[in-house]
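Enquirer: Pasting a structure below so you can have a look.
Here, each number is a calculation from the coordinates, and none is a lab measurement. Since the structure is predicted, the reported quantities are computational estimates derived from the model, not experimental observations. Cβ coordinates were reconstructed from backbone atoms using ideal geometry, including for glycine residues, and neighbour counts include every protein chain displayed.
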């Protein structure tokens, strides 16, 4: 027994040295993947870059110290600190994180999280026992060893807990463009071949999805949410002599609306009735419209005084019908391209969201266009990267290819789904070539929730449109409509 106790610290030191060398080499051989997986940690996402190097350097340094007799005790103390850190980290993941991530290489790849927690606790025990045995011949050294071991354990645990609290705040509130990819937040379960790739989402209601068609603007297509059947009807309009440029369709049950802001005209018809009647003509020019109710709309128009884009309320029952809100969109360069973006609606929360295309901001408003808050998306593009050239007639023209930040949006409840066009930190460029990334935000809390991929089809067609309901995310990719089920009800 005495011989066993004598060689135990040596055997423990060699075991830790081999463990750390193996772990560090496995990480170095696939370092990019190690960083990517660290970035998905629910505790350390914000510090993935620094921690990835710190862990490697720490493991190799401790392994060297453990192999040298004169520094072995120091190595055991540091091994204790590192193993306590790993143990607390796993405990926090299992007990307090929003989700449990995949394994991140090394031994974790061969073990489950609970098994690895048990393994780490055993390692901590052997480190404590080995340090105690080395100092057992001197009572004063034993006393100092207990204090040192306690201090090392508390400091290591405190550092991990501090990183956890800080990282969660940074990722959700002050993100530095580190995405956290959630574990299967949406599950692909249905696909419908639409035969054409010219459809867009016009709305949804009571188990039905409504589609418009850019090449056949007077055709309304209705698809059941089970994606089992579809029907199409041709709409007739009471005034068809207008020279339309972009006639679009939108549903707000029990009505459907056809509109073209370049004419400008708005038609309205009852679902089930193929005749749409003019309800507005030459009241307001616009380039985007959101239906609030049967007579009320939110518009993006162009201010006649300065030609800048402006959001406006449009109510057929009011006098005047149009009310401009010129302070909502904030000009940086020209007031047109730099404030370009998309206006979407979340009926469940009675909210409008305008997301800039070329900078990292969304504006959350009520249906009267009163600003609730301005949210920052997780990328770092605070100023629109557009170059504008003014023509002889005073109009502006894009002078160079635009640097799109936010590509497409949809909203449901208090969640905003944003299709980003930028690669974040520690992300695989290979995956970006075969998928679109969607970031999720809480619009009621100014909080980033997480991200997920929508993969291209076998023909490498990418997502063109998406629409969220309370239970599903529908996407259009090529000539297919795909239904994704939310893993948890929003």
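Enquirer: Would you mind classifying the stretch 285-335 by shape? Square roots of the alpha carbon gyration tensor eigenvalues, ordered a ≥ b ≥ c; an a/c under 1.5 is rounded, otherwise it is prolate if a/b is larger than b/c and oblate if not. Before the final figure, lay out each step's value.
Expert: Numbers: a/c = 2.51, a/b = 1.99, b/c = 1.26.
Prolate is the answer for the stretch 285-335, as a/c is 1.5 or above and a/b outweighs b/c.
Enquirer: Output the 0 to 90 degree angle, nearest 10, between the alpha-carbon long axis of helix 113-134 and the longest principal axis computed from the alpha carbons of the chain.
Expert: Around 30 degrees separate the two axes.
Enquirer: Let me ask something else about it. At 0.36 nm per residue, minus the direct Cα-Cα distance, what do residue 370 and residue 319 gain on full extension? Give it in nm, one decimal, please. Please list the in-between numbers first.
Expert: On the way: separation 51, 0.36 × 51 = 18.36 nm, distance 1.92 nm.
Stretched out fully, the residue 370 to residue 319 stretch lengthens by 16.4 nm.
Enquirer: Rank the residues 252, 28, 481 as a footprinting-exposure proxy: fewest other Cβ atoms within 10 Å of their Cβ go first. The partial results should precede the final answer.
Expert: On the way: 252 21, 28 11, 481 24.
Fewest-to-most ranking of 252, 28, 481: 28, 252, 481.
Enquirer: Then there is this: Tell me the label only: which of (i) 23.0; (ii) 26.2; (iii) 24.1 is Kirkwood radius over Cα pairs in Å as calculated from this structure?
Expert: Working out Kirkwood radius over Cα pairs in Å from the coordinates points to (ii).
Enquirer: While we're looking at this one, here's another question. As a check on your grasp of the helix formula, calculate [θ] at 222 nm for the chain: sum -39500 (n - 2.57) over DSSP H runs of n ≥ 4, divide by the residue count, round to the nearest 500. Display every interim value, and only then the final one.
Expert: Values: 7 runs with 143 residues, N = 490.
Estimated from H runs of four or more residues: -10000 deg cm²/dmol.
Enquirer: Taking Cα centroids, how far is the stretch 270-332 from the stretch 6-38 in Å?
Expert: 63
Enquirer: To the nearest 0.05, what FRET efficiency results for residue 435 and residue 229 with a Förster distance of 35 Å applied to their C-beta separation? Write down the numbers at each step before the final one.
Expert: Numbers: r = 29 Å, r/R0 = 0.83.
Approximately 0.75, to the nearest 0.05.
Enquirer: Can you give me the distance in nm between label points at residue 459 and residue 404, each placed 7 Å from the Cα along the Cα-to-Cβ direction?
Expert: The modelled label-to-label distance comes out at 2.0 nm.
Enquirer: Let me ask another. For residue 118 paired with residue 195, estimate the spin-label separation in nm (one decimal), with each label point 7 Å from Cα along the Cα-to-Cβ line.
Expert: Result: 5.9 nm between the two label points.
Enquirer: Under a plain spin-label model, where a point goes 7 Å from the Cα along Cα-to-Cβ, how far apart in nm are residue 302 and residue 245?
Expert: Placing both labels 7 Å along Cα→Cβ, they lie 0.7 nm apart.
Enquirer: Report the FRET efficiency, 1/(1 + (r/R0)^6), for residue 22 and residue 144, where r is their Cβ-Cβ distance and R0 is 41 Å, rounded to 0.05. Can you show the working numbers first?
Expert: Numbers: r = 32 Å, r/R0 = 0.78.
My answer for the efficiency is 0.80.
Enquirer: Taking neighbour Cβ counts within 10 Å as the exposure measure, how do 292, 404 sort from fewest upward?
Expert: The order, fewest Cβ neighbours first, is 404, 292.
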